[in-house]
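Asks: My questions all concern the structure below.
The values are calculated or read from the model by the stated rules, or taken from the named source; none is laboratory data. Everything numeric here is computed off the predicted structure, so don't read it as measured data. Here the Cβ positions follow ideal geometry from the backbone for every residue, glycine too, while neighbour counts run over all protein chains shown. Side chains are part of the model used for accessible areas, which takes the heavy atoms of the whole protein and leaves out ligands, DNA and RNA. Shrake-Rupley method; radii C 1.70, N 1.55, O 1.52, S 1.80 Å.
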Amino acid sequence: MDSAQAIPILPSPDISLTKEFYRTELGFDVIQPEMDQYVMLRRGTIELHFWLSLDKALPEVSSCYIRDGEIAALHAEFSARGVPGLSAFEKRPWNMKEFYLHDPHGNLLRFGCSPDET
């Protein structure tokens, strides 16, 4: 089995605010020394990177999809934390059970799994 991993690199107009949101609201850890223009975050096997973008509109058209794992438990935790803008966890017309949220800059995070996995 190939152990390759895809890691999204999303834009952020404010790296400090991005770090704070992902740490306090979503439970991610910063996984590299402090840098002003780039941040690497991890929660379990989910890893996200962010680069400093001076174009504040760019995050509003950026997204990533996080599939499988403990998606149902993650939604329950985010609900309990009161994460702003959290959608319902429901089966979509394309036969995936999903939820989504936008970070403070507009990046879309969509989480999903097969309905049989919940």
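Asks: What's the local net charge at R92, with K and R +1, D and E -1, over the other residues with C-beta under 11 Å away?
Replies: Numbers: positive: K91, K97, R110; negative: E90, E98.
With Lys, Arg at +1 and Asp, Glu at -1, the net is +1.
Asks: Only sites in a loop by DSSP and with at most 11 other Cβ atoms within 10 Å count here; which GluC sites (Glu not before Pro) in the range 6-43 make the cut?
Replies: E34
Asks: Right, here's the next one. Calculate, in whole percent, how much of the Cα-Cα pair population of the chain lies beyond 24 Å.
Replies: Tail of P(r) above 24 Å: 26 percent of Cα pairs.
Asks: How fast does the range 78-118 diffuse by Stokes-Einstein, in µm²/s, taking the Kirkwood radius from C-alpha pairs at 37 °C and 0.692 mPa s? Write out the running numbers ahead of the final one.
Replies: Details: Rh = 10.9 Å.
The calculation lands on 300 µm²/s.
Asks: In whole percent, and with a 1.4 Å probe on the protein chains, what portion of the accessible area of the chain is carbon and sulfur? Don't jump to the answer; show the numbers that get you there.
Replies: On the way: 3500 of 6800 Å².
Here carbon and sulfur together make up 51 percent of the probe-accessible area.
Asks: Modelling each spin label as a point 7 Å along the Cα-to-Cβ direction, I'd like the S16/Y38 distance in nm, to one decimal.
Replies: 2.1
Asks: Any idea what angle helix 71-81 forms with the longest principal axis of the chain, computed on alpha-carbon atoms, 0 to 90 degrees, nearest 10?
Replies: So the inclination is approximately 60 degrees.
Asks: Next up: How much length, in nm to one decimal, is gained on full extension between A57 and S87, taken as 0.36 nm per residue of separation minus their Cα-Cα distance? Mind dumping the intermediate values first?
Replies: Values: separation 30, 0.36 × 30 = 10.80 nm, distance 2.22 nm.
Length gained between A57 and S87: 8.6 nm.
Asks: Using the C-alpha gyration tensor of the range 46-88, what are the square roots of 5 times its eigenvalues, in whole angstrom, with the largest one first?
Replies: Working: eigenvalues 120, 38, 18 Å².
Equivalent ellipsoid semi-axes, largest first: 24, 14, 9 Å.
Asks: Which value in deg cm²/dmol, rounded to the nearest 500, describes the helix-derived mean residue ellipticity at 222 nm for the chain, given -39,500 (n - 2.57) per DSSP H run of n ≥ 4 and division by the residue count? It would help to have the intermediate numbers written out before the result.
Replies: Values: 2 runs with 21 residues, N = 118.
Computed mean residue ellipticity for the chain: -5500 deg cm²/dmol.
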